[in-house]
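The next block holds one structure in the form of structure tokens; read it before the comments.
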Amino acid sequence: MDQPSEELYSILREICPTGETVSANQPLIQMNQKNEHLILLHEGWIRVGTRSGESIVQEAPSILGEISFVAGGLATASVETASEAVISRIPFEQLNALKEEGQTFHQVFSELTRLCIQRLSGAYHQHYFALVAHDSRKADLITLVNSHKDFFGERSLVTTENTGLEIAEKTGLKVARRVRTGVLGGDQQIGALISEGLISAVIFLRDPLWAQPHSADVNALIRICELDNIPLATNLASAEAIIRQLENESHAPLRE
């Protein structure tokens, strides 16, 4: 997962050494509204909602609101706590006051700009393991995940919306990133992550007996897995094979 450098985090912590405890599901930043604070996440988890309909979970330590500070304008995403969290809020005017210190402001601004670039490119995590299932196969996927909970618990999972909600509810695992449902373009969004080099493997349990309204998107996702040589499982036997292979490689990523 993308995290601020220790040096940047230390500088910002000195500016605002005290924190506040916030309960789960509380809004911190509202999309398309003015944001005037940089938020330091010291403990807990937050959930980022993007304009493309994705939901991305981040854990502490993390920094939020950096795009509003660097680029100005309205917030480009919404942020809420996904668990009880400890945060600090640093007003932008307090950060701008660092300009008098020259080198410190340059260092902070450069590091925050780096975070902006990484996050705008979608690189919230180094690699994702994609899990998708059609409605008639979701129970099979849940059984698979529960059978290999330690394996999946060590990975950053990306799922389509409904699949991710069921995984979180029925396995207790955290889903790092949820894209839209398949019919609303979720399969295309996972394909885009593959093209950016952010997916290490895909398990997509399809229903072979029923035509899907978004079959073209499904076929496109399979095609890009083939083009980029991404391990792809479309049934339980091939899914087990991918899991065993990764376990034999001591959890090393399949793609750098």
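Values in this text are rule-based calculations from the coordinates and carry no lab data. Note that the structure is predicted; figures quoted are calculated from it, not measured. Every residue, glycine as well, gets a Cβ built from its backbone with ideal geometry; the counts of neighbours run over all protein chains shown.
Tabulated results
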item: Test item: Cα-centred dipole of the stretch 128-248, Lys/Arg +1 and Asp/Glu -1 on Cβ, debye; result: 160 debye
item: Convex hull (Cα only) mean projected area of the chain, reported in nm² to one decimal; result: 14.2 nm²
item: Spin-label pair R244/A220, simplified geometry with 7 Å Cα→Cβ offset, distance in nm; result: 3.5 nm
item: FRET efficiency for D207 and E84, using Cβ-Cβ distance with R0 set to 45 Å, rounded to 0.05; result: 0.70
item: Spin-label proximity, D150 to the stretch 160-183 - amide N less than 18 Å from point 7 Å beyond Cα toward beta carbon; result: 172-174
item: Prolate/oblate/rounded call for the stretch 128-248, Cα gyration tensor, a/c under 1.5 rounded; result: rounded
item: Protection proxy ranking of 36-48, 134-146, 17-29 - average other beta-carbon atoms within 10 Å, highest first; result: 36-48, 134-146, 17-29
item: The stretch 1-131, relative contact order in percent, only Cα pairs under 8 angstrom and at least six apart counted; result: 33 percent
item: Neighbourhood charge, 13 Å Cβ-Cβ cut-off, centred on A216 and excluding it, Lys, Arg +1 and Asp, Glu -1; result: -1
item: Whichever lysines have a C-alpha closer than 29 Å to that of K138, once near sequence neighbours (fewer than 8 apart) are set aside; result: K149, K170, K174
item: Summed side-chain charge close to I190 - residues other than I190 whose Cβ falls under 14 Å, Lys, Arg +1, Asp, Glu -1; result: -1
item: Given charges at beta-carbon only (K, R positive; D, E negative), |dipole| of the stretch 26-132 in Debye; result: 300 debye
item: Cβ charges +1 (Lys, Arg) and -1 (Asp, Glu), total dipole of the stretch 71-169, debye; result: 260 debye
item: Antiparallel content of DSSP bridges confined to the chain, in %, to 5; result: 65 percent
item: Distance in nm between pseudo-label sites at V70 and H42 (7 Å out along the Cβ direction from Cα); result: 2.5 nm
item: Diffusion coefficient, µm² s⁻¹, Stokes-Einstein with Kirkwood Rh over alpha-carbon pairs of the stretch 6-120 at 25 °C and 0.890 mPa s; result: 172 µm²/s
item: Residue-span extension gain [I117 to I11] - 0.36 nm each, minus C-alpha spacing; result: 36.1 nm
item: Gained length - N96 relative to S136, 0.36 nm times residue gap less alpha-carbon distance; result: 9.0 nm
